[in-house]
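For reference, the structure is listed below as structure tokens.
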2 protein chains.
Amino acid sequence: MENKISFKEAKACPIQFVLAVNDTLNVINGKWKLPIIGSLLFEKRRFTEIQRNIPKITPRMLSKELKDLEMNGMVKRTVYDTTPITVEYELTESAKSLGDVLDKMLEWGLQHRETVLSES
Amino acid sequence: MENKISFKEAKACPIQFVLAVNDTLNVINGKWKLPIIGSLLFEKRRFTEIQRNIPKITPRMLSKELKDLEMNGMVKRTVYDTTPITVEYELTESAKSLGDVLDKMLEWGLQHRETVLSES
DNA sequence: GTTGTTGCTATACAAAAGGATACTACTATA
DNA sequence: TATAGTAGTATCCTTTTGTATAGCAACAAC
């Protein structure tokens, strides 16, 4: 039962290509995932720390997005039995490796903006 | 008035970082942009060709998304005065260069999926 | 003169995403 | 006893996104 798809195979087939790229996009989609990942990129943080880091997010949204990220293997949640209780969120190794992809997007985004503006 | 931001600057500042990456994400967000880009990656196509290429898209959505992509400098639209009228859509150079970014996303997506599955 | 083709647009609606506001249980501090 | 901090939930509402279905104008072939 070898259903693993190689880069080569995925790239050659438009359908597999779109599906696999969407896998990546789905992990970071929505208004808040990127800011949350950004907040955790360099250090683990607690719920309220992230909240203070992203001024306009509501606890409902933060809670929901953290759950999403955890389910997708992007964030690890650790509970410490202190009083009051302490919960720490940190990025998984896989999530940290997304940094390279984000760099590529950053690069393209800056360049594209320049190209588009220079044409107007 | 030099408001151009370098990769280095953007990478160092979390806010600029998130903004610039979002620039890239916004260009390909929504359900249909990626399939449309995929359809145009190797050849220019006409409206109904794209429609046939992406079976479940409605003309309303295709029309809307193509306009979006055109406005964002991703697609060039050319009208030929034939009967019936012919309209061709093709990716801009900037859009084609997005291919490299998509490859990175593809790579990460495949790898992440493997990592997450192997842990369960 | 009916049907088909091209590249769409109009209207109405359903679903998904996100926001506002209030609230919980527990404890520590003033 | 009142206030504040911890990590969230619950409920309701608005905004955004996408769908369904129909139709248009210009021709051309049958």
Within segment B:9-48, which residues are among the acidic types (Asp, Glu) and out of contact with any strand residue (DSSP E or B) (no Cβ under 9 Å at 6 or more places or on another chain)?
B:9, B:23
Between residues in segment A:82-94 that are farther than 30 Å from residue B:113 by Cβ and residues that are within 12 Å of DNA strand D (Cβ to nearest atom) and open to solvent by 40 Å² or more (accessible area, probe 1.4 Å), which pairs lie under 7 Å by C-beta distance while being six or more apart or on different chains?
A:85/A:79; A:86/A:46; A:86/A:80
Kindly indicate whether any position in segment B:26-47 is at pLDDT 95 or above and over 18 Å from the mean Cα position of the chain (by Cα).
no
Pick from A:96, A:67, A:76: which is more than 13 Å from every other protein chain (Cβ to nearest Cβ), open to solvent by 40 Å² or more (accessible area, probe 1.4 Å) and of a type in the set (Lys, Arg)?
A:67
Under the condition of being under 17 Å from residue B:41 (Cβ atoms) and within 11 Å of DNA strand C (Cβ to nearest atom), which residue from segment B:79-93 is surrounded by the fewest Cβ atoms within 10 Å (Cβ to Cβ)?
B:88
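Quick check on residue B:4: is it of a type in the set (D, E, K, R), open to solvent by 50 Å² or more (accessible area, probe 1.4 Å), within 16 Å of DNA strand D (Cβ to nearest atom) and within 12 Å of another protein chain (Cβ to nearest Cβ)? Working first, answer last.
Numbers: of a type in the set (D, E, K, R): yes; open to solvent by 50 Å² or more (accessible area, probe 1.4 Å): yes; within 16 Å of DNA strand D (Cβ to nearest atom): no; within 12 Å of another protein chain (Cβ to nearest Cβ): yes.
Spelling it out, it is not the case that residue B:4 is of a type in the set (D, E, K, R), open to solvent by 50 Å² or more (accessible area, probe 1.4 Å), within 16 Å of DNA strand D (Cβ to nearest atom) and within 12 Å of another protein chain (Cβ to nearest Cβ).
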Residue B:85, sole failed condition from (1) away from chain A (no Cβ under 11 Å); (2) of a type outside the set (Phe, Trp, Tyr); (3) more than 12 Å from DNA strand D (Cβ to nearest atom)
(3)
Residues being open to solvent by 50 Å² or more (accessible area, probe 1.4 Å) and either within 7 Å of chain A (Cβ to nearest Cβ) or over 17 Å from residue A:34 (Cβ atoms) (or both) - total across segment B:7-23:
5
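Of all residues being within 12 Å of DNA strand C (Cβ to nearest atom) and within 13 Å of chain A (Cβ to nearest Cβ) in segment B:43-52, which is farthest from residue B:93 (Cα to Cα)? Just the residue, please. So that I can check it myself, show each step before the final result.
The initial filter retains those residues of segment B:43-52 that are within 12 Å of DNA strand C (Cβ to nearest atom), namely B:44-52.
Still in the list and also within 13 Å of chain A (Cβ to nearest Cβ): B:45, B:50.
Values: B:45: 16, B:50: 19 Å.
So the residue we want is B:50.
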Quickly run through segment A:37-52 and pick out the residues that are farther than 14 Å from residue A:77 by Cβ and more than 12 Å from DNA strand D (Cβ to nearest atom).
A:37, A:38, A:39, A:41, A:42, A:43
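So which residues in segment A:24-36 are open to solvent by less than 50 Å² (accessible area, probe 1.4 Å) and within 16 Å of DNA strand D (Cβ to nearest atom)? If you could, list the steps in order and put the result at the bottom.
Initial filter on segment A:24-36 (open to solvent by less than 50 Å² (accessible area, probe 1.4 Å)): A:24-25, A:27-28, A:32-36.
Selection gives A:25, A:28, A:32, A:33, A:34, A:36.
The values are calculated or read from the model by the stated rules, or taken from the named source; none is laboratory data. This one's a predicted model, so the numbers in the text were calculated from it and none came from an experiment. Backbone-built Cβ (ideal geometry, glycine too); neighbour counts: all protein chains shown. Remember, those area values only see protein heavy atoms, side chains included, never the ligands or the DNA or RNA. Shrake-Rupley method; radii C 1.70, N 1.55, O 1.52, S 1.80 Å.
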